[in-house]
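One structure below.
The values are calculated or read from the model by the stated rules, or taken from the named source; none is laboratory data. Fair warning: this is a prediction, and the values are worked out from it, not measured in the lab. No Cβ is skipped: glycine too gets one built from the backbone with ideal geometry, and neighbour counts run over all protein chains shown. Heads up: the accessible areas ignore ligands, DNA and RNA and are worked out on the full protein's heavy atoms, side chains in. Shrake-Rupley method; radii C 1.70, N 1.55, O 1.52, S 1.80 Å.
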Amino acid sequence: MTLAAPFAAAPFAAARLAAVPLAAAAFFALAAPAVAGDAAVGEKTFAKCRACHMVVSDAGDVIVKGGKQGPNLWGVIGRTAGTQADFAKYGDALKAAGEKGLVWDEANLAEYTADPKTFLRTFLDDKKARSKMAYKLKSGGEDVAAFLAQHGAGS
């Protein structure tokens with residue numbers, strides 16, 4: 001065996017090592033949780049949200065009649081947090097999250113509805129952040145988000 005023999009396989013070893021990041025990326029892409037809510041189920045689950053929220057289009061069409069304690073959720077997907085023009089009761093932490101760049105999408109809205117206070121504390125990196133939304137939707141947040149994604153300016 002010559003001294004050059006161990007290095008003869010080096011090009012193959014480099015090719016194998018180059019494949020590692022690609023394989024890792026594929027693994028994590030598959031392992032990432034996907035938000036695949038069912039809008040029809042979400043419409044039924046939204047009944048729990050109606051006490052505080054409504055879904056009324058910009059034209060005034062009532063999709064879901066509900067309370068006014070929370071903001072109208074028409075067009076919430078794609079909206080910066082804490083910026084519904086005709087709602088003035090947002091908490092300071094939610095407004096701060098919007099100012100920091102929080103834009104609602106199906107995934108983060110589902111996470112928020114599961115535990116609003118914890119979501120805001122994590123997003124803002126602020127152990128004292130609080131949410132005015134006390135209700136926690138223990139399950140079905142991804143379905144509610146899919147339902148709301150159907151109702152907005154871009155839907």
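Within the stretch 90-101, residues that are under 18 Å from Cys52 (Cβ atoms) reach partners that are open to solvent by less than 20 Å² (accessible area, probe 1.4 Å) and assigned to a helix (DSSP H, G or I) with beta carbons closer than 6 Å, at six or more positions or on different chains, in the pairs Ala93/Leu120.
Figure legend. Inter-residue proximity from the stretch 137-151: first residues of a type in the set (A, V, I, L, M), second residues outside any helix (DSSP H, G or I) and open to solvent by less than 10 Å² (accessible area, probe 1.4 Å), beta-carbon distance below 9 Å, spacing 6+ or different chains. Indicated pairs: Val144/Leu137; Ala145/Val76; Leu148/Val55; Leu148/Val76; Ala149/Val76.
Every test in (1) over 16 Å from the mean Cα position of the chain (by Cα); (2) within 25 Å of Glu43 (Cβ to Cβ) is passed by Lys95 save one, and that test is (2). Of the residues making up the stretch 40-50, at least one is closer than 18 Å to Asp143 by Cα and assigned to a loop (DSSP other than H, G, I, E, B). Please go through the stretch 52-75 and pick out each residue that is touching a residue at least 40 places away in the same chain (Cβ under 8 Å) and not hydroxyl-bearing (Ser, Thr, Tyr). Of everything in the stretch 52-75, those that are touching a residue at least 40 places away in the same chain (Cβ under 8 Å) and not hydroxyl-bearing (Ser, Thr, Tyr) turn out to be Cys52, Val55, Asp58, Ile63, Gly70, Leu73, Trp74, Gly75.
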